[in-house]
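Down below is the structure, laid out as structure tokens.
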Amino acid sequence: MTAYNPQLGDAVEDTQRQKVGKVMGFVGPYVQLRPVGGGVEWDAHPDWLQPVTLAETLSAGLAVADARSRKECP
């Protein structure tokens, strides 16, 4: 099995945090991710990342939009 090499703009799952994010950059050994739908970036180790499908990406964005409509997040 080949290791996944994330690229800028990829949608990925951080398997340690169980969150979907978009690759925004690279700092040292870490990949900077931003939640789909916006929010605060976080750093993840590349080994923790796996690509997600378009359906999974859209689902994550919809969950954020739903939470905002219920005023559960900023």
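Observations on the model:
- Surrounding net charge for Gly9, when Lys and Arg each add one and Asp and Glu each subtract one, Cβ distance under 13 Å: +1
- The relative contact order of the chain comes to 28 percent, based on Cα pairs under 8 Å that sit 6 or more residues apart.
- Degrees separating the helix 54-69 axis from the principal Cα axis of the chain, which is the longest one: 40
- Label assignment, Kirkwood radius over Cα pairs in Å derived from the structure, set (1) 12.6; (2) 13.7; (3) 12.2: (1)
- Estimated 222 nm signal from helices in the chain, with DSSP H stretches of n ≥ 4 weighted -39500 (n - 2.57), rounded to 500: -7000 deg cm²/dmol
- Computed from phi, the 3J(HN,Hα) profile of region 14-21 under the Karplus parametrisation 6.51, -1.76, 1.60 (θ = phi - 60°) reads 8, 5, 6, 9, 6, 10, 9, x Hz, with x in place of Gly and Pro.
- Protein accessible area in the chain, 1.4 Å probe - carbon and sulfur %: 55
- The residues of the chain have, on average, 68 Å² of accessible surface per residue, using a 1.4 Å probe with all protein chains present.
The values are calculated or read from the model by the stated rules, or taken from the named source; none is laboratory data. Just so it is clear, the structure is predicted and the values come from calculations on it, not from any experiment. As a convention, Cβ positions derive from the backbone with ideal geometry for all residues, glycine included, and neighbour counts pool all protein chains shown. We work out accessible area using only protein heavy atoms, side chains counted, and drop any ligands, DNA or RNA first. Shrake-Rupley method; radii C 1.70, N 1.55, O 1.52, S 1.80 Å.
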